[in-house]
1. So which pairs qualify, if the first residue must be in segment 153-178 and in a helix (DSSP H, G or I), the second must be at pLDDT 90 or above and crowded, with 19+ Cβ neighbours inside 10 Å, the Cβ gap must be under 6 Å, and the two must be at least 6 apart or on different chains?
2. Filter segment 148-168 for residues that are under 30 Å from residue 32 (Cα atoms), open to solvent by less than 70 Å² (accessible area, probe 1.4 Å) and not aliphatic (A, V, I, L, M) and give the result.
3. Quick check on my filter: what residues within segment 18-67 are open to solvent by 30 Å² or more (accessible area, probe 1.4 Å) and of a type in the set (Gly, Ala, Ser)?
4. Give segment 121-137 a look and list any residue that's open to solvent by 10 Å² or more (accessible area, probe 1.4 Å) and part of a helix (DSSP H, G or I), or say none.
5. For the structure I just gave you, tell me whether residue 76 is open to solvent by less than 30 Å² (accessible area, probe 1.4 Å) and either in contact (Cβ under 8 Å) with a residue 40 or more places away in the chain or among the hydroxyl-bearing types (Ser, Thr, Tyr) (or both).
6. Quick test of your reading of the structure: residue 70 fulfils all but one of (1) part of a loop (DSSP other than H, G, I, E, B); (2) open to solvent by 70 Å² or more (accessible area, probe 1.4 Å). Name the failing condition by number.
7. Any residue at all in segment 39-62 that's touching a residue at least 60 places away in the same chain (Cβ under 8 Å), within 23 Å of residue 4 (Cα to Cα) and more than 13 Å from the chain's Cα centre (by Cα)?
8. Return only the number of the condition from (1) touching a Ser or Thr at 6+ places or on another chain (Cβ under 9 Å); (2) within 19 Å of residue 57 (Cβ to Cβ); (3) surrounded by 15 or more Cβ atoms within 10 Å (Cβ to Cβ) that residue 176 does not satisfy.
Amino acid sequence: PYPRRSLLLLKAHGVGRSRAIDVMQSAMLRLLTAMPPGKVRFTIVDPVGLGDNFSAFMNLADYDEQLVASRIWTDINHIEQRLADLTKHMENVIQVYLRQEFHSIEEYNAFAGEMAEPYRVLVVADFPTGFSEMAAQRLKSIVASGARCGVFVLMNVDEKLPMPRNFSLADLGPDATVLSW
């Protein structure tokens, strides 16, 4: 869906869950190979797999820890903090880089050349596991404004699990490309 839509939402449970993880891994690899070196950074959330689903991507940290936000996040408090960090990054992009001069990060990056801002990708396995009500609200904000700021989300969700309070998957709809198993 990139760059116009900020979310690739995979709805899967049971045997479909492992296929959804495969699709997210494939999308991550495609993003890595499509972008110039160092111009895509991942924040990976894997509370059920405890990082195992994306452990191969930790090899990127051997070159630059920023490529994978230092580690794969599994704890509810760490997840909330990483989403706060991404929200802060988006505020910075809007207020410092885009201002009233550029409509999107693509426009800014074309102007900036060598100083182009890296794209960010939030990878979320097994949503809503590990997400507090606050984290879910931050996720909505990231999805709503992410594409403009160069922040995108790859997420699989198990609809059989209860959603966080005051959260509905329908809130993500306008900015999502949805694939169902």
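1. Filtered contacts from segment 153-178: 172/7; 172/143; 175/6; 175/7; 175/143.
2. Taking segment 148-168 as the starting set, the residues that turn out to be under 30 Å from residue 32 (Cα atoms) are 148-159.
Keeping just the survivors that are open to solvent by less than 70 Å² (accessible area, probe 1.4 Å) gives 149-158.
Once the filter is applied, which keeps residues that are under 30 Å from residue 32 (Cα atoms), open to solvent by less than 70 Å² (accessible area, probe 1.4 Å) and not aliphatic (A, V, I, L, M), segment 148-168 yields 149, 150, 152, 156, 158.
3. Residues satisfying the conditions are 18, 26, 34, 38, 55, 56.
4. 133, 134, 137, listed by residue number.
5. Details: open to solvent by less than 30 Å² (accessible area, probe 1.4 Å): no; either in contact (Cβ under 8 Å) with a residue 40 or more places away in the chain or among the hydroxyl-bearing types (Ser, Thr, Tyr) (or both): yes.
Considered against the rule, which asks whether it is open to solvent by less than 30 Å² (accessible area, probe 1.4 Å) and either in contact (Cβ under 8 Å) with a residue 40 or more places away in the chain or among the hydroxyl-bearing types (Ser, Thr, Tyr) (or both), residue 76 comes out as no.
6. (2) is the only condition that residue 70 fails.
7. yes
8. Condition (2) is where residue 176 drops out.
The values are calculated or read from the model by the stated rules, or taken from the named source; none is laboratory data. Computed from a predicted model, the values in this text were never measured in an experiment. Glycine gets a Cβ as well: all are built from the backbone with ideal geometry, and neighbour counts include every protein chain shown. Quick note on the areas: whole protein, heavy atoms, side chains included, nothing else; ligands and nucleic acids left out. Shrake-Rupley method; radii C 1.70, N 1.55, O 1.52, S 1.80 Å.
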